[in-house]
Structures are given as structure tokens and as C-alpha cells.
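K.L.:
Pasting a structure here, questions to come.
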Amino acid sequence: MNKYIISFSIIIFIIISCTNNNSESENQSGNDLFSNKKITFQRLDLNEEGIVNNTNSYSITNIGVSFIPPINSVKLPDEEKDSIISQTGYGKDYFYTDSMFIDEKIKITCLAAYMKKDDTSLNNLINFIRTMKDGKNFTEEYYIINGKKNIQFKINMNNTTFILYTIFESKNDNYFILNYTFPAAYLEDSMVRIANSLGSVTFY
């Protein structure tokens, strides 16, 4: 576990080092991309064939959301989660990290977080993510999964590691964020597990 935490910390350190927080904000239609009429959210129907069944649901009760982490993931104790964040500074200026899950076999990391909806929080986070853009190694897509709007950013880190940020439309005055980090060597297996996790998100 400690060996993996060190490796994960190095990856995040590289990400933060490559981030320029002084990028100019892009002009948006309104304060919330989810209400931008110029954006088309594509309906993403997850193929149930090949989706791994998993009933290990996790709830974040103070924002009224539940989801299923990638199958075979274990939840890190708060002290380990907090140690990673304190060492890397990862996300602390943009959202609150509720929990972190790790599948130690294929090295998927799932971070569950949220942030309060206000006039700047969404744009600040998106601008932060966009600074990771590196030509073909970055995609920004808009989807509806099970009736829920979400924005997905996929970042290819030197063909060794992928990062997927998914931001769900504000519910209960909070944006729900799932961040997955996974190795390119297990791309197919990781995407099956991530699809299952994304399709499980439920607001209540």
C-alpha cells in the first residue's frame, strides 16, 4: 500500500507541476456550463454487456449522493487519504475530497469529491483541468448518463497513465466529482469498471 501511495503521489506531483493556474478564463454563456444552450450533451447509453455487477454502494450523505466505486476497490482510511492530499496539494484549492478508493491489482484510483455551487467554482475547476491539455492527449466531452448531465475530461499522461475527471451537474447546491486514475496497460479493464461506477451515480 505505501509503495503505491508513493507512486500515486509522484503522478499527482507531476500533474500539479504541469499546471498553470494563471490561465485566462474562457467566456461562457452564463455562469454554468450545464445551462449553456450552445453545448450539446450526448446521451451515453452504457452497454450492460460486460459491465461488472457490483453492489458495494458508497454514500456521501451530506450532499445526498451514492455511487459504486470500481469493483475490487478498497476505501483508504482517512489518514492515508489525507496524507496523499497533504503531500501533493491535490485538489485542495478546488473541491473537498470525501473519500479515495484503490484497486491495488490493476491500480485504479477513484477519488470522490464535491464543491459548492457558486458563481466561480465550476469555471475555476474546469480552467484548472484545461491547463493539462496537451494536443491529442486531452479530450473534453459532454454526456447524459441515466438522465444526469456530466462533463468528462480525459487526460493521457505520457501514454502511461490516464486521468478521467467527471463533474456532475449541481444537485442539492453541490457539484459531485469523480476522478479516476488508471494505467494505460489496463485501459480496457479500467474502462469497464469506470463505466459501471459512473452509471451507478444516484442523487437523493
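K.L.:
Being free of Cβ contacts under 8 Å to residues at least 60 places away in the same chain and at negative phi is the filter; apply it to the stretch 169-204 and report the residue that is surrounded by the fewest Cβ atoms within 10 Å (Cβ to Cβ).
P.N.:
My answer is 188.
K.L.:
Just one of 25, 59, 29, 66 is within 22 Å of residue 170 (Cβ to Cβ), modelled with pLDDT of 95 or more and open to solvent by 50 Å² or more (accessible area, probe 1.4 Å); which is it?
P.N.:
Matching residue, one of 25, 59, 29, 66: 59.
K.L.:
Quick one: in the stretch 145-167, which of the residues that are touching a residue at least 40 places away in the same chain (Cβ under 8 Å) and under 28 Å from residue 62 (Cα atoms) is most open to solvent (accessible area, probe 1.4 Å)?
P.N.:
Filtering first and then ranking leaves 146.
K.L.:
Out of the residues in the stretch 72-91 meeting the condition of being part of a loop (DSSP other than H, G, I, E, B) and surrounded by fewer than 18 Cβ atoms within 10 Å (Cβ to Cβ), tell me which one is modelled with the lowest pLDDT.
P.N.:
89
The values are calculated or read from the model by the stated rules, or taken from the named source; none is laboratory data. None of the values given here were measured: they were computed from a predicted structure. All Cβ positions, even for glycine, are placed from backbone atoms using ideal geometry, and neighbour counts span all protein chains on display. Heads up: the accessible areas ignore ligands, DNA and RNA and are worked out on the full protein's heavy atoms, side chains in. Shrake-Rupley method; radii C 1.70, N 1.55, O 1.52, S 1.80 Å.
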